[in-house]
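Worksheet for the structure shown next.
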Amino acid sequence: MPPSAPHTPAARAYPEGGLAFPHRDLTGIGHLARHEILYLLDEAEQWVALNRQPHKRAALLAGLTIINAFFENSTRTLLSFEIAGKRLGADVVNMHAATSSVKKGETLIDTAMTLNAMRADAIVIRHASSGAVRLIAGKVDCPVLNAGDGQHEHPTQALLDALTIRHALHLPPGSDLNGVTVTICGDILHSRVARSNILALTALGARVRVCAPPALMPAEIAAMGVDVFHDFDAALAGADVVMMLRLQQERMQGQFIPSPREYRHLYGLTLDRLARAAPHALVMHPGPMNRGIEIDSQVADHAARSLITRQVESGVAIRMACLDVLTRRARAVPGWVVA
Ligand code: NCD
């Protein structure tokens, strides 16, 4: 008998969709309905609770093999996927592109076919090219989870951010983010975190403001249902949550900002600036942070206002939920059918 998942009572109650989560892969938030996003958040609640216990091991994925194939650098995302898989009892293997045959010129598809032939039960991929994860998903037989593809999507980051906001605002499982105003500021143009967060937050009913210098703002972004700002003070006014993003220099060809000093002056989150947001406003950052550029240490380390370490905590729980839900077919959990 395969072990069955412990369910939170709220996790079952999604009549709109029939099946709670009918997708084989998690390539982006863009493919998910509101109730599917809520389902993953609600499933993560039990793992937040488990992760706070001294004994953190569940046996749900015992016998399964998860491969983390990271073609781009990562600290938080790779570690938390590894910890998530291990806490669920799976065998977890990490492939770092820097030391793999990718360096010898192997194509992405050949690498994918190799991972597939090893009979992984789930593959987690991070890649510098937008769309690479979808490409691999089309070539392999197991669920594929996107851990960040180029400038496209980073779905588990958006899910962990939504869960963190829900907890910080003391909203119970099942709640969406209706009425919450979130300001996302920084290098929106190059940010898969911004894209996935805009999709998730708007689907959950939050009002989203994006703020960046014109050169770092995608041209068509208003069509995503966000309010567009270039003036950070105006974007902050009354915001409940302020999410700061790193300048992604590695994706920039040419000069996008006059200088880091000037950028900080206009778009850096200082304590003074934070005072323009709502009095209770909370601060987020997906990491890695450039302290003293997009965010000052006094803000990042603010015990009452900064959610940055809580984001990391939510990340492990969300990745456990995603690995559990997506491997239910392999584990023949009753009722699980892929559309
Ligand atoms: C982000 C990423 O890799 O997209 N980081 C993360 O996953 N925690 C953001 C970034 O690199 O700035």
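FYI, it's all coordinate maths here, none of it is from the lab. It should be emphasised that the depicted structure is a prediction, and the values quoted were computed from it without experimental measurement. Every residue, glycine among them, receives a Cβ derived from its backbone with ideal geometry; neighbour counts consider all protein chains shown.
Just the residues that are over 22 Å from the mean Cα position of the chain (by Cα) and at positive phi, please, taken from the range 219-252.
238
Is at least one residue of the range 266-274 within 16 Å of the ligand (Cβ to nearest atom), among the hydroxyl-bearing types (Ser, Thr, Tyr) and crowded, with 18+ Cβ neighbours inside 10 Å? Don't jump to the end; show me each part of the working.
Filtering the range 266-274 down to residues within 16 Å of the ligand (Cβ to nearest atom) leaves 267-269.
This time we only want the ones that are among the hydroxyl-bearing types (Ser, Thr, Tyr), so: 267.
Going one step further and asking which of them are crowded, with 18+ Cβ neighbours inside 10 Å, we end up with 267.
Within the range 266-274, one or more residues are within 16 Å of the ligand (Cβ to nearest atom), among the hydroxyl-bearing types (Ser, Thr, Tyr) and crowded, with 18+ Cβ neighbours inside 10 Å.
Are any residues in the range 106-130 more than 15 Å from the ligand (Cβ to nearest atom), outside any strand (DSSP E or B), small (Gly, Ala, Ser) and in contact with a strand residue (DSSP E or B) (Cβ under 7 Å, 6 or more places away or on another chain), and if so, which ones? Walk me through it before giving the result.
Kept after step one, since they are more than 15 Å from the ligand (Cβ to nearest atom), are these residues of the range 106-130: 106-123.
Keeping just the survivors that are outside any strand (DSSP E or B) gives 106-121.
Then keep just the ones that are small (Gly, Ala, Ser); that gives 112, 117, 120.
Selection gives 120 alone.
Kindly establish whether residue 73 is within 12 Å of the ligand (Cβ to nearest atom) and part of a loop (DSSP other than H, G, I, E, B). So that I can check it myself, show each step before the final result.
Details: within 12 Å of the ligand (Cβ to nearest atom): yes; part of a loop (DSSP other than H, G, I, E, B): yes.
Taking the combined requirement at face value, the residue satisfies it.
Take residue 325 and decide whether it is surrounded by fewer than 18 Cβ atoms within 10 Å (Cβ to Cβ) and touching a residue at least 60 places away in the same chain (Cβ under 8 Å). Break it down stepwise before answering.
Details: surrounded by fewer than 18 Cβ atoms within 10 Å (Cβ to Cβ): no; touching a residue at least 60 places away in the same chain (Cβ under 8 Å): yes.
The answer is no for residue 325.
What number of residues within the range 29-66 satisfy the criterion of being surrounded by fewer than 21 Cβ atoms within 10 Å (Cβ to Cβ) and touching a strand residue (DSSP E or B) at 6+ places or on another chain (Cβ under 6 Å)?
1
Which residues, taken from the range 190-218, are surrounded by fewer than 20 Cβ atoms within 10 Å (Cβ to Cβ) and within 16 Å of the ligand (Cβ to nearest atom)?
Hit for the range 190-218 is 218, nothing else.
Go through the range 276-304 and count every residue that is hydrophobic (A, V, I, L, M, F, W, C) and away from the ligand (no atom under 16 Å from the Cβ). Break it down stepwise before answering.
As a first pass, look at the range 276-304 and keep what is hydrophobic (A, V, I, L, M, F, W, C): 277-278, 281-284, 289, 293, 295, 299-300, 303-304.
Retained after the next criterion (residues that are away from the ligand (no atom under 16 Å from the Cβ)): 277-278, 281-282, 299, 303-304.
Total satisfying the criteria: 7.
Do the conditions hold for residue 136, that is, is it part of a helix (DSSP H, G or I), surrounded by 24 or more Cβ atoms within 10 Å (Cβ to Cβ) and over 13 Å from the mean Cα position of the chain (by Cα)? Lay out the reasoning, then the answer.
Numbers: part of a helix (DSSP H, G or I): yes; surrounded by 24 or more Cβ atoms within 10 Å (Cβ to Cβ): yes; over 13 Å from the mean Cα position of the chain (by Cα): yes.
Yes: the conditions hold for residue 136.
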